[in-house]
1. Take the eigenvalues of the Cα gyration tensor for region 207-421, scale each by 5, and report the square roots as semi-axes in whole Å, largest first.
2. By counting other Cβ atoms within 10 Å of each Cβ, how are CYS380, CYS375, CYS111 ranked from fewest to most?
3. With each label point set 7 Å from Cα along the Cα-Cβ vector, what nm distance links TYR310 and ASP66?
4. Just from its helices, what would the mean residue ellipticity at 222 nm be for the chain, if runs of 4 or more DSSP H residues each count -39500 (n - 2.57) and the sum is divided by every residue, rounded to the nearest 500 deg cm²/dmol?
5. Compute the helix-to-body angle for 262-286: its Cα long axis versus the longest principal axis of the chain, expressed 0 to 90° and rounded to tens.
6. Subtracting the Cα-Cα distance from 0.36 nm times the residue separation, let me have the gained length for LYS164 to ALA318 in nm, one decimal.
7. Give the calculated FRET efficiency between ALA231 and ARG272 to the nearest 0.05, with a Förster radius of 25 Å applied to their Cβ-Cβ distance.
8. For region 103-111, what does the Karplus curve 6.51 cos²θ - 1.76 cosθ + 1.60, with θ = phi - 60°, yield as ³J(HN,Hα) per residue in whole Hz, taken in order and with x for Gly and Pro?
Amino acid sequence: MENTKYFIVASPLFDKKINSKAYYLQVQNSERLFDAGSDFQGLGDAMNAPHLELLSALGTEPFASDLPLLVEHNEYQLLAGLPATLGFSPEHIIVVIGKEVPISGAVFMKCMDLKDKGYKLAANGILPGVSPDLFFELFNYLILDYEANDFKRDFGAMRPHIFKIKFIINNIPDMDAFNTLTHLHEARYSGKFYSSPVDKDAGDIAPLKINALHLLSQINQEDFEITEAAAIIERDPALSISLLKFINRAGGFRGVKKVENIRQAVVIMGQREIRRWAAVAITTQLAEDRPSEITRLSLIRAKFAENLAYAYELGTFAPLLFIAGLFSLLDVILEKPMEEAINEVAVDPRVHRALVEQKGEMYEVLDLVYNYEKCNWIECVTNLYRNKVTNSEAIKAFMDALIWYREMLETIDEDDVETEHTAAGA
């Protein structure tokens, strides 16, 4: 992974209630962005598919947690028996077949073999030359691009078969478009509709969020008073539990085995650690009534931005980049325009400039983060070249952010189990 040349990211797929149900792996050879040909051509690439090798080494969990991951396969990879020959569980991989794959007799037999093993198959568009009977026999899902020129034609052609196949609609631009599609049978949806910037104020902030915002404003002051922060935390049972779980996890914090009250916790942790814990805990709490993917995306953006600090020669800004990434969806979370949302908390002027004005040296990092998650690969390469950062440095920073997020989730899950066991014992 140190010198990998493949951009790789997983985009969420939602149900009609905007709950994450799967992820779609997007892969691009960063050295072939301007080639006319597609990636993974030839038998050599098929037998050594880098994205599948990476998944084999890391597992699907960093990309999709315990949800299915849609992964594209070309003709050669199918003929080589992938993904079954790499040992992937049918519960974790959905095989995507693109329009460029000819459904020959050999490919058809390999696909049916995968189905017999329990794998589900998805067609990336209506495949040319494939009869309806064969199509419905092979595929569990049909992937259509909402923004494609032929979307209305293809969607209209398949609509009579709505109960024979499940739709996956990609690139849905906004909630208005999403709402026109929610009647589909067990469909999955992706696009920027769930995280689009808010340009209208939704009204007053919910009372339960006010205490959390008060704490954020307090701890983001340059030299905040720890005892005042403790008093605010004590007024919020959820934050109090979160803080005590955080400081008591993994055998204690700085050698202290057991901390039983908030004031002791904040004194032990100090300003820097309290500020970092509070930023994550409060952002998570504020987003509880939003799609769960908002919290995940905020945290991955935060760590990705922080990981890029030294590559962009902004090492001293690493903590600020973490905060900037974390707060980059604050407008969505609070349902307010970004300038109003940021004004609800006290942030460093450089963070404010990057998020509100989209300017300054920190914004160069955020620009890379935004384009990476949207798979705007040419914009990514342009940004990296402009800032003298290698593709491999960016890819590693992103992968490390995914692994960090997964490890953090596992720690939280372990803490929850321990808390349940303790309660049961009591």
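Taken together, the values in this text are just the output of simple stated rules run on the coordinates, not laboratory data. The structure displayed is predicted, hence computed values, not measured ones. Methodologically, a virtual Cβ is constructed for each residue, glycine included, from the backbone with ideal geometry; neighbour enumeration extends over all protein chains shown.
1. On the way: eigenvalues 175, 77, 52 Å².
So the equivalent ellipsoid measures 30, 20, 16 Å along its semi-axes.
2. Values: CYS380 24, CYS375 16, CYS111 21.
Least to most surrounded, the residues fall as CYS375, CYS111, CYS380.
3. That separation, rounded to one decimal, is 3.5 nm.
4. Details: 20 runs with 213 residues, N = 426.
It lands at -15000 deg cm²/dmol.
5. 40 degrees
6. Numbers: separation 154, 0.36 × 154 = 55.44 nm, distance 5.05 nm.
Full-extension gain reported as 50.4 nm.
7. Working: r = 19 Å, r/R0 = 0.78.
With a Förster radius of 25 Å, E is 0.80.
8. 7, 6, x, 5, 5, 4, 5, 5, 5
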